[in-house]
Amino acid sequence: MKIKNIPHYQNLFEGLMAQVPILDGSKIRYINFDNAASTPPLKSVLKTVNDFSVYYSSVHRGTGFKSQLSTHVYEQARQTVLNFVGADPKTHTCIFGKNTTEAINKLARRFPFTPTRDILLTTTMEHHSNDLPWRVNPHVKVVYITTTPDGCLNMDDYQSKLRKYGQRIALVSVSGASNVTGYLNPIYEMAEKAHAIGAQFAADTAQLAPHREIDMLHLTDPRHLDYVTLSAHKMYAPFGTGALIGRRDIFSQGTPDLVGGGTVSMVTLKDVIWADVPEREEAGSPNVIGAASLATAIESLEEIGMDAVAAHEAELTAHALDRLSGVGDLKIYGDTDPKNVENRLGVIPLNLKGKSHNLVAAILGYEFGIGVRNGCFCAHPYLLDLMKITESAVGQVRKSVLRGNRSNIPGLVRISFGLYNTTTEVDAVVDALKKISNDEYEGDYVQDIATGEFTPKGWEPEFEDYFGGLETSTRL
Ligand SMILES: Cc1ncc(COP(=O)(O)O)c(C=O)c1O
């Protein structure tokens with residue numbers, strides 16, 4: 001599929017023209033500004049799913065032509081992922097799994113911490129998926145690098161934690177980019193410092209991978225990345241795949257964390273010979289369609305060029321920051337300077353003063369057909385810091401949550417851009433926020449105390465009109 005020189009990128013994606021119902025009874029073209037959570041599929045990816053379905057069969061263990069072809073496609077996908085992140089297949093392997101969360105959980109269970117090298121150094125700005133998996137490993141002591149008051153990673157604190165804990169640090173694990181502020185972390189510089197004390201370095205690139213080039217570099221380069229994790233559903237290939245790209249030597253040792261079919265070379269009732277990497281780390285039947293669709297998304301992104309992706313998103317972000325500055329009572333968290341857009345992703349967290357984030361997000365959806373995310377974005381410690389919520393206020397909220405009341409959990413509204421978004425769409429969300437700020441909205445909203453969510457009174461969406469309402473004759 002030829003995709004160069006396309007004036008804008010919307011033609012490349014499925015579903016962007018979908019009409020959705022809004023409160024006044026009309027229908028409107030949906031605008032998705034929740035790309036940091038999940039992205040719509042590329043048409044090239046859907047074509048792969050359809051074309052490959054004709055030949056899809058069991059991977060690795062089948063002897064028929066379709067099985068051999070499926071195995072070939074799966075292994076090629078692995079190479080495509082390795083190339084995409086600049087990994088050397090001699091030293092690194094690509095382990096497919098469900099998503100970044102599963103990949104980091106695997107790394108947390110499989111990394112060889114020892115009693116003398118027991119520290120995992122991460123940051124307070126992480127997604128929970130790069131925090132909780134480490135916390136629950138009883139052999140690991142988790143130490144956090146703090147952030148500066150404006151939410152950037154505190155590199156002085158990093159340096160002082162490296163000095164303080166030195167050789168006890170086994171691994172440093174940091175997000176390549178924040179899913180809350182879009183800040184890019186200096187992962188290569190951090191990796192160099194980690195390697196200097198004999199530690200390894202992992203980058204959670206769930207947010208970075210769809211928007212920037214990644215280069216793991218050769219192991220002999222002090223700035224190399226030992227591990228990288230990513231999710232296909234954030235890269236326009238939502239078919240259930242993620243990848244952990246990591247060091248062969250580490251995964252060749254020890255017992256896999258999940259065991260069963262596919263992980264072994266031989267089993268007797270007395271012992272087991274584990275398969276080589278990466279098979280020993282992929283228990284059960286693999287998701288070959290997911291892997292093929294991730295590979296196709298990568299090929300499409302590479303054909304467009306990651307620089308072009310970054311340039312387009314920087315333009316959207318600069319435009320948004322510029323226009324949002326004109327909305328009364330709107331506060332943006334993190335960097336607000338349109339001149340800095342090359343050093344961040346298009347993720348903008350904001351609030352309208354005096355209005356709950358739950359309410360603002362609901363109105364955007366129900367009255368303007370705009371999808372955003374609101375809440376704490378699975379990064380509670382970072383968000384509470386960024387919003388400067390006091391310890392005692394956190395304590396109050398905690399008590400309410402324990403009583404089943406989530407109505408007052410602090411949070412923000414997040415707008416996050418994908419490759420296909422346009423400045424016209426940015427204008428639409430800015431205009432909508434202006435109206436909400438001026439109380440120009442129709443609905444009479446009620447909050448569900450248990451979930452915190454607002455819905456307009458009398459709203460009953462007919463989901464079957466959109467999906468699931470197939471004619472009886474087309475059902476099996
Ligand atoms: C920085 C970061 N890490 C990890 C994750 C987890 O990704 P997934 O839900 O695909 O496992 C996310 C998801 O938003 C994220 O933004």
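Which pairs, out of Lys43/Lys106; Lys106/Lys234; Lys141/Lys331, put more than 29 Å between their alpha-carbon atoms?
The pairs that break the limit, which is 29 Å between Cα atoms, are Lys43/Lys106; Lys141/Lys331.
On the principal axes of its Cα set, how long, how wide and how thick is the range 401-463? Give whole Å, largest value first.
Result for the range 401-463: principal-axis Cα extents of 43, 30, 26 Å.
Report, ordered by chain and residue number, the aspartates and glutamates lying within cross-link reach of Lys435, taken as a straight Cα distance under 19 Å and ignoring same-chain residues fewer than 8 apart.
Candidates past the 8-residue exclusion: Asp24, Asp322, Asp329, Glu367, Glu425, Asp427, Asp444.
For the range 50-167, with equal point scatterers placed on the C-alpha atoms only and solvent neglected, what are the log10 I(q)/I(0) values from the Debye formula at q = 0.13, 0.19 1/Å, to two decimals?
Calculated log10 I(q)/I(0) at the listed q: -0.74, -1.11.
In percent, how large is the relative contact order of the range 397-470, given Cα pairs closer than 8 Å and 6 or more residues apart?
Computed value for the range 397-470: 35 percent relative contact order.
How much length, in nm to one decimal, is gained on full extension between Ala37 and Ile197, taken as 0.36 nm per residue of separation minus their Cα-Cα distance?
Length gained between Ala37 and Ile197: 54.1 nm.
Have a look at the DSSP beta bridges in the range 147-302 and tell me what percent are antiparallel, nearest 5.
Restricted to the range 147-302, the bridges split so that about 55 percent are antiparallel.
Would you kindly calculate the mean projected area, averaged across all directions, of the convex hull enclosing the Cα atoms of the range 1-121, in square nanometres?
Computing the convex hull of the Cα atoms and averaging its projections yields 13.8 nm².
So if I take the centroid of the Cα atoms in the range 29-44 and the same for the range 98-124, what is the distance between those two points in Å?
30
Return the FRET efficiency for the residue pair Thr423, Met266: r is the Cβ-Cβ distance, R0 is 35 Å, and the value is rounded to the nearest 0.05.
On the way: r = 60 Å, r/R0 = 1.70.
For R0 = 35 Å, the calculated efficiency reads 0.05.
Could you give me the ³J(HN,Hα) list for the range 371-383, computed from phi with Karplus coefficients 6.51, -1.76, 1.60 and θ = phi - 60°, whole Hz, x at Gly and Pro?
After applying 6.51 cos²θ - 1.76 cosθ + 1.60, I find x, 10, 10, 9, x, 10, 6, 6, 9, 3, x, 5, 5 Hz.
Would you mind telling me the antiparallel percentage of the DSSP bridges in the chain, rounded to 5? Write out the running numbers ahead of the final one.
Numbers: 33 of 52 bridges.
Of all bridge pairs located within the chain, approximately 65 percent are antiparallel.
So for Ser58, Ser70, fewest C-beta neighbours within 10 Å to most, what's the order?
Least to most surrounded, the residues fall as Ser58, Ser70.
Per residue and in cubic angstrom, what volume does the convex hull of the Cα atoms of the chain have?
Convex hull of Cα atoms, per residue: 185 Å³.
In percent, what relative contact order does the chain have, based on Cα pairs under 8 Å that are 6 or more apart in sequence?
Numbers: 898 pairs, mean separation 93.3, N = 476.
With pairs under 8 Å counted, the relative contact order is 20 percent.
For the range 161-249, count the residues as N, evaluate 2.2 N^0.38 Å, and divide the Cα radius of gyration by that value, please.
1.12
Counting only helical runs of four or more DSSP H residues, what would the 222 nm mean residue ellipticity of the chain come to if each run contributes -39,500 (n - 2.57) and the total is spread over all its residues?
Values: 13 runs with 153 residues, N = 476.
Helix-only estimate at 222 nm: -10000 deg cm²/dmol.
Using Cα centres only, tell me the gap between the range 281-320 and the range 330-384 in whole Å.
If you average the Cα positions of each part, the centres end up 23 Å apart.
With a/c under 1.5 counting as rounded, go ahead and sort the range 260-392 into rounded, prolate or oblate using the C-alpha gyration tensor (a ≥ b ≥ c being the square roots of the eigenvalues; past the cut-off, prolate if a/b is larger than b/c, else oblate).
prolate
Which whole-number percent gives the relative contact order of the range 258-319, counting Cα pairs below 8 Å spaced six or more residues apart?
Value for the range 258-319: 26 percent.
Suppose R0 equals 30 Å. What FRET efficiency, 1/(1 + (r/R0)^6) with r the Cβ-Cβ distance, do Gln253 and Lys141 give to the nearest 0.05?
Numbers: r = 21 Å, r/R0 = 0.71.
So the FRET efficiency works out to roughly 0.90.
Quick check: convex hull over the Cα atoms of the range 42-111, volume per residue in Å³, rounded to an integer?
Hull volume over Cα atoms, normalised by residue count, gives 123 Å³.
What is the local net charge at Asp257, summed over the other residues whose Cβ is closer than 13 Å to its Cβ (Lys, Arg +1; Asp, Glu -1)?
Here the count lands on +1.
Here, each number is a calculation from the coordinates, and none is a lab measurement. The structure displayed is predicted, hence computed values, not measured ones. All Cβ positions, even for glycine, are placed from backbone atoms using ideal geometry, and neighbour counts span all protein chains on display.
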